[in-house]
Amino acid sequence: MSKRAYLTLESWKLVRGIYGELPMRVSFFKGLPWFVTRPLVEGITLGENIYLVPDATVDVVVHELYHAVNQKMAAGVIPWFLRPAYFRYALLFVLNGFSYSRHPMEKAAREFATKNLTLQQSQIRALREG
Ligand SMILES: [Zn+2]
């Protein structure tokens, strides 16, 4: 079960420093949807909703926002489940042998987060308590 959550001030500042003003309003949730599990996945983006494991670090947020911003730019107002990016994601997942680590859209998001955060920053806890 996931519930609405908010970023810590420290992680929000890092996110704003990297992305500036986001092209859409995003909502964060503590807890993953039923169809994804750890340890493979620590976050998932469905449209403007970003689901995170409770102890997620800010690098996961930067990673998921990379997906969210790219999808938004590509699709505009189309609901997330009809967006071409999701079909492309699924197709590339199959073509890459169901490998999350080899998936090119994952690789791009990982590299973006690594490039924009120091190792120390990437370990900052993302979600506020309560
Ligand atoms: Zn990803």
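Taken together, the values in this text are just the output of simple stated rules run on the coordinates, not laboratory data. Quick caveat: nothing in here was measured; it's all calculated off a predicted structure. Because the Cβ atoms are built from the backbone with ideal geometry, glycine has one as well, and the counts that use them run over all protein chains shown.
Miscellaneous remarks
- Degrees separating the helix 9-19 axis from the principal Cα axis of the chain, which is the longest one: 50
- Set of lysines near LYS115 by C-alpha distance (under 18 Å), chain-local residues within fewer than 8 positions excluded: LYS13, LYS107
- Among PHE35, PHE93, PHE81, the largest mean-square fluctuation in a Gaussian network model of the chain (Cα springs under 10 Å) belongs to PHE35.
- Comparing mean-square fluctuations of ALA56, ALA68, ALA90 from a GNM of the chain with C-alpha springs under 10 Å, the top value falls on ALA90.
- Within the chain, DSSP assigns beta bridges of which about 70% are antiparallel (rounded to the nearest 5).
- Prolate/oblate/rounded call for segment 1-62, Cα gyration tensor, a/c under 1.5 rounded: prolate
- Cβ charges +1 (Lys, Arg) and -1 (Asp, Glu), total dipole of the chain, debye: 140
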